[in-house]
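Taking it in order: structure first as structure tokens, then the write-up.
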Amino acid sequence: AVEYAKKLSEKDGRDYRLPTEAEWEYACRGGSKSAYSFGNDAGELKDHGWFDVNARDVGEKYAHRVGLKRANGFGLYDMHGNVFEWCSD
């Protein structure tokens, strides 16, 4: 991912990079101060992301198409679950 960002930066003339963990966390929360972007109730997680119960445990051990769950306050999808986040630090 780092090499891809570097090559894209060279090609496009713009600076692309992985976010820091703090930047990723801010984007994930979507402006919320709660445990999740949608509040503190983990029971609602199935409506916002893919994780053990609604993916792995039912045999769906793959990344799901983006946008099938609800977006966070910033309009970003799949910030909870689906795949691991990659951060620069």
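Worth a mention:
- Size of electric dipole in the chain: Cβ of Lys, Arg +1 and of Asp, Glu -1, about Cα centre, debye, nearest 20: 260 debye
- Full extension of the chain segment joining Tyr26 with Ala5 gains 5.5 nm, where the gain is 0.36 nm per residue of separation less the Cα-Cα distance.
- Under 23 Å from the Cα of Lys61 - lysines, other chains or at least 8 residues apart: Lys46, Lys69
- Cut-off under 5 Å, modelled amide H: who pairs with Tyr16 long-range: Ser9
- Dipole-positive endmost among Gly49, Ser9, Ser37 within the range 1-57 (Cβ charges, Cα centre): Ser9
- Ellipticity at 222 nm from helices only: DSSP H runs of n ≥ 4 in the chain, each -39500 (n - 2.57), divided by the residue count, give -6500 deg cm²/dmol.
- Rounded, prolate or oblate (a/c below 1.5 giving rounded, otherwise prolate when a/b exceeds b/c) for the range 38-81 by Cα gyration tensor: oblate
- Largest GNM mean-square fluctuation across Gly30, Gly67, Gly49, computed for the chain with C-alpha springs under 10 Å, falls on Gly67.
- The label-point distance for Ala63 and Lys33, in a model that sets each label 7 Å from Cα toward Cβ, rounds to 3.4 nm.
- Most mobile of Tyr62, Tyr26, Tyr36 in a GNM of the chain (Cα contacts under 10 Å): Tyr62
- Top of Ala35, Ala27, Ala55 by mean-square fluctuation, Gaussian network on the chain, Cα under 10 Å: Ala35
- Charge tally in the Cβ shell below 9 Å around Ser9, where Lys, Arg are +1 and Asp, Glu are -1, Ser9 excluded: +2
- [x] 14.8, 44; [y] 18.9, 54; [z] 17.6, 57, with the label sought being that of the calculated Rg and Dmax of the Cα atoms in Å: [x]
All of the numbers you see were taken from the coordinates with simple rules; none came from a lab. Note that the structure is predicted; figures quoted are calculated from it, not measured. Backbone-built Cβ (ideal geometry, glycine too); neighbour counts: all protein chains shown.
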